[in-house]
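The values are calculated or read from the model by the stated rules, or taken from the named source; none is laboratory data. This is a predicted model, so every value here is computed, not measured. Positions of Cβ are backbone-derived with ideal geometry, glycine not excepted, and every protein chain shown enters the neighbour counts. Protein only, heavy atoms only, side chains kept; ligands, DNA and RNA dropped before computing areas. Shrake-Rupley method; radii C 1.70, N 1.55, O 1.52, S 1.80 Å.
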Amino acid sequence: LAAEFPSEDIFLMTASLVIKAVTNFKQVSKTLEEFDVEEQPSSLLEKRYPNIRVIQSGVKELKSDEHKIYTEDGKEYIYEKLCLCAGAKPKLIVDGNPYVLGIRDTDSAQAFQKNLAQAERIVVVGNGGIALELVYEIQGCEVIWAIKDKAIGNTFFDAGAAEFLLPKLTAESRETPIECKRTKYTLEGSEEKGRPRGASDKLGSALGPDWHEGLHLKGTKEFSHKVHIEILCEVKKIYLQQEFIQLQQTSLTFPKGEKNVEADEVLWPVYVELTNGKIYGCNFIVSATGVVPNVEPFLDGNNFAVGEDGGLKVDKHMHTSLPDVYAAGDICTAAWEPSPVWHQMRLWTQARQMGWYAAKCMAADALGESIDMDFSFELFAHITKFFNYKVVVLGKYNAQGLGSDHELMLRCTKGHEYVKVVMQNGRMMGAVLIGETDLEETFENLILNQMDLSAYGEDLLNPDIDIEDYFD
């Protein structure tokens, strides 16, 4: 916006002291992009664009009919156009319990690290990206990992990919992680004061893809890795120590083998009862169970159309249902008819694309021009790292919404690579690539151009055929 309208005032309102910036941006292919997310002081942005003012205050109220925003510090601002990018907040399994930590932002990651330093056992609940990374990175602490699915990492993988990754979880020795080259900003003064426990209601900004780098995730025990996965279960109830003693139930020790069910003699600060009937004591619980759009401050008195997932509905020009109000990122719900191989997922990559595109749309509207849907919404594409493997997911990589009318093709070399493609009527609809496969660009093109591949059959994944050259 600042580049498009250099003479207009642009206000960025944020409750946090730092802003998130995208750095080291790299266009990997047509739709795949890699970048780092870095915290920077807001003065850097104001220096670069003199027409931007960063206002450090939370929003108390939006009066859309008057085109006014009221901030927590008692000021009011009039806008011509407004874009709501307030993200999402962690969906905690229980509110207000000091032993339950939600991880979504850099502050809560720090609180987590402080608690982990004294921990002997923790329970992790959730099966998305953050839970996956967390369980992999934690050392010297017993981890009971409760997931509601059959396999780990259900947001990104199927059971096959999970099988491929599991040996990495139990491996005793770790490859040395690649050095993370990125400067980190901490909030001034936040170190000394320290966050009160359970203070995660103050929203920080969402974690970037390498949030665990530079955090010393180590508990009190000497061993490196101890993870026990409880599948197909959720948390039924959480008991504080006193409540548990009154229950007169037994809790379990850390399982050593399949048959081992021993009663635990240790007294823990908090206990978790799972829906499969098992009870485990632990030092604390990490709730990594996804996010809910952060719409609270804006709904009151405004007639927003809200999606089923609680986000503000936006059309294909990122417009909400209210005049001159746009939304982008985790707070919004894409309510346009999507491309057959794109779907919304609350990830950093989509937040960046939506923010960029929303600015284009706001500019086009202000200038009375028309604008085409951005190309990044043609194909769902995301690149990340899990367990030190490069992971690329494309299109309907888990056959989302394809019903039973699809087939999967797999190629897997243990400890090296895992390739899965989702086919429907001879056309490629999605893919999961783990490891250095070098297939992302070829597959991206095959999904985008929807070429009929039935003639190739199983040869599509034959390692002896150089498929990139074939479809060049």
*Give the ranking of 252, 62 by solvent-accessible surface, highest area first, calculated with a 1.4 Å probe.*
252, 62
*Take peptides 116-125, 90-99 and line them up by average Cβ neighbours within 10 Å, highest first, as a rough protection proxy.*
116-125, 90-99
*For segment 381-470, evaluate the Debye formula with one uniform point scatterer on each Cα (no solvent term) and list log10 I(q)/I(0) at q = 0.11, 0.13, 0.14 Å⁻¹, rounded to two decimals.*
-0.28, -0.39, -0.45
*Just from its helices, what would the mean residue ellipticity at 222 nm be for the chain, if runs of 4 or more DSSP H residues each count -39500 (n - 2.57) and the sum is divided by every residue, rounded to the nearest 500 deg cm²/dmol?*
-5000 deg cm²/dmol
*How high is the relative contact order of the chain, in percent, counting Cα pairs under 8 Å that sit 6 or more residues apart?*
16 percent
*Once phi is turned into θ = phi - 60°, what whole-Hz ³J(HN,Hα) does the Karplus curve with 6.51, -1.76 and 1.60 give for every residue of segment 48-54, x standing for Gly and Pro?*
5, 10, x, 8, 9, 10, 9
*Could you tell me the distance between the Cα centroids of segment 308-333 and segment 342-372, to the nearest Å?*
11 Å
*Among residues other than residue 310 whose Cβ falls under 13 Å from its Cβ, what is the net charge (Lys/Arg +1, Asp/Glu -1)?*
0
*Local charge sum around residue 339 (other residues, Cβ-Cβ under 14 Å, Lys/Arg +1, Asp/Glu -1)?*
-1
_Amide hydrogen neighbours beyond the local backbone of residue 145, cut-off 5 Å, H modeled_ = 124, 228, 229, 230
*Roughly how much of residue 68 is accessible, in Å² to the nearest 10, using a 1.4 Å probe?*
40 Å²
*Counting only the heavy atoms of the protein chains, how much of residue 168 is accessible to a 1.4 Å probe, in Å² to the nearest 10?*
40 Å²
*Probe 1.4 Å, accessible area per residue of segment 279-330, Å²*: 37 Å²
*Amide H contacts under 5 Å for residue 387, placed H, 5+ residues apart*: none
*asked:* Show me, for segment 297-309, the HN-Hα J-couplings you get by feeding each phi into the Karplus relation (A = 6.51, B = -1.76, C = 1.60, θ = phi - 60°), rounded to Hz, glycine and proline as x.
replied: x, 9, 6, 4, x, 10, 8, 6, 7, 10, x, 4, 8
*Ordered by residue, what ³J(HN,Hα) values in Hz, to whole numbers, does segment 25-34 give under the Karplus form 6.51 cos²θ - 1.76 cosθ + 1.60, where θ = phi - 60° and Gly and Pro are x?*
5, 9, 7, 6, 8, 4, 10, 8, 9, 10
*Take 265, 441 and sort them by solvent-accessible surface of the protein heavy atoms, 1.4 Å probe, largest at the top.*
265, 441
*Counted charge near residue 271, where neighbours are those whose Cβ lies closer than 10 Å (Asp, Glu -1; Lys, Arg +1)*: -2
*Quick one: pull the percent of accessible area on the chain belonging to carbon and sulfur, 1.4 Å probe, ligands and nucleic acids left out.*
50 percent
*If you compute semi-axes √(5λ) of the Cα gyration tensor in Å for the structure shown, which of (i) 44, 27, 16; (ii) 54, 31, 19; (iii) 37, 33, 20 do you land on?*
(iii)
*From the residues 268, 446, 145, which one has its Cα farthest along the dipole of the chain in the positive direction, the dipole being from +1 and -1 charges on Cβ of Lys/Arg and Asp/Glu about the Cα centre?*
268
*With contacts defined as alpha carbon pairs under 8 Å and 6 or more residues apart, what's the relative contact order of segment 381-470 in percent?*
25 percent
_Filter 256/420; 26/390; 30/385; 30/414; 20/360 down to the pairs with a C-alpha to C-alpha distance above 27 Å, please._
256/420; 30/414
